[in-house]
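Below: the structure, in structure tokens.
The values are calculated or read from the model by the stated rules, or taken from the named source; none is laboratory data. Predicted, not measured: the structure shown is a model, and the values here were computed from it. As a convention, Cβ positions derive from the backbone with ideal geometry for all residues, glycine included, and neighbour counts pool all protein chains shown. These area figures cover heavy atoms from the full protein model, side chains too; ligands, DNA and RNA do not enter into them. Shrake-Rupley method; radii C 1.70, N 1.55, O 1.52, S 1.80 Å.
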Amino acid sequence: MANYKKLFMNYMDMEGIKYVDRDEHVVRVTYTGDNLKTIPVYVFFDEDGDPIVQFKCWEIANFKGKEGKGIYACNMMNKEYRWVKFSLDDDSDIVASIDAYVSSDNCGEVCMALVRRVVNITDDAYPTFAKAMWA
């Protein structure tokens, strides 16, 4: 069985991409956006070694006390972007996520493409969240 996390880290090493090995099943890749100073994407690999990968970013905006506005903003962004799902978690934080299947042949390339997709869409969506949060 392939070690998908290791395949992804090897790919990033070859491409010169910086990352943090968080624990046995998680890698964090952080980018800088035009609208958000930092956009950390956490890449979760299946604990059983299955080719299932989840990409999450939750340091976007917090709607504590304004949950209705947060849900409305998530719905607006979910209608606009089909690749990334936005939701409000138990702490009232906006969470961006993607789930994917990979293979040992394409793991590094696919994972990196999806990290970048989360980053780009989250950065593009941030002004909508900021407007909803402060309106």
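Tell me which of these Ile17 doesn't satisfy, since it passes every other one: (1) farther than 16 Å from Ala100 by Cβ; (2) touching a Pro at 6+ places or on another chain (Cβ under 9 Å); (3) at pLDDT 95 or above.
The failed condition is (2).
Restricting attention to region 52-66, report how many residues are at negative phi and not in a strand (DSSP E or B).
Adding up the residues that qualify gives 7.
On the basis of being without any contact (Cβ under 8 Å) to a residue 24 or more places away in the chain, of a type outside the set (A, V, I, L, M, F, W, C) and under 24 Å from Val27 (Cα atoms), does Asp90 make the cut?
yes
Residue check, Tyr101 against (1) without any contact (Cβ under 8 Å) to a residue 24 or more places away in the chain; (2) under 25 Å from Pro51 (Cα atoms), all met but one. Which one?
Going through (1) without any contact (Cβ under 8 Å) to a residue 24 or more places away in the chain; (2) under 25 Å from Pro51 (Cα atoms) one by one, Tyr101 breaks only (1).
State yes or no: is Ala132 over 28 Å from Asp21 (Cβ atoms), surrounded by 16 or more Cβ atoms within 10 Å (Cβ to Cβ) and among the aliphatic types (A, V, I, L, M)?
When the stated conditions are applied, Ala132 passes them.
For region 52-67, does any single residue satisfy the condition of being more than 20 Å from Ala135 (Cα to Cα) and among the small types (Gly, Ala, Ser)?
no
Of the residues in region 9-24, how many are open to solvent by 70 Å² or more (accessible area, probe 1.4 Å) and either touching a Phe, Trp or Tyr at 6+ places or on another chain (Cβ under 8 Å) or of a type outside the set (Asp, Glu) (or both)?
3
Working only within region 25-60, note down all residues that are loosely packed, with under 13 Cβ neighbours inside 10 Å, more than 15 Å from Tyr126 (Cα to Cα) and in contact (Cβ under 8 Å) with a residue 12 or more places away in the chain.
Passing the criteria: only Glu47.
Ala2 is checked against (1) open to solvent by less than 60 Å² (accessible area, probe 1.4 Å); (2) in contact (Cβ under 8 Å) with a residue 40 or more places away in the chain; (3) more than 22 Å from Asn120 (Cβ to Cβ); (4) in contact with a strand residue (DSSP E or B) (Cβ under 7 Å, 6 or more places away or on another chain) and fails just one. What number does that condition carry?
The failed condition is (4).
Scan region 72-125 for residues that are assigned to a helix (DSSP H, G or I) and small (Gly, Ala, Ser) and jot them down.
Within region 72-125, Ala73, Gly108, Ala113, Ala125 meet the criteria.
Of the numbered conditions (1) over 20 Å from Val119 (Cβ atoms); (2) open to solvent by 10 Å² or more (accessible area, probe 1.4 Å); (3) over 17 Å from the mean Cα position of the chain (by Cα), Gly70 satisfies every one except a single condition; which is it?
Here Gly70 clears every test but (2).
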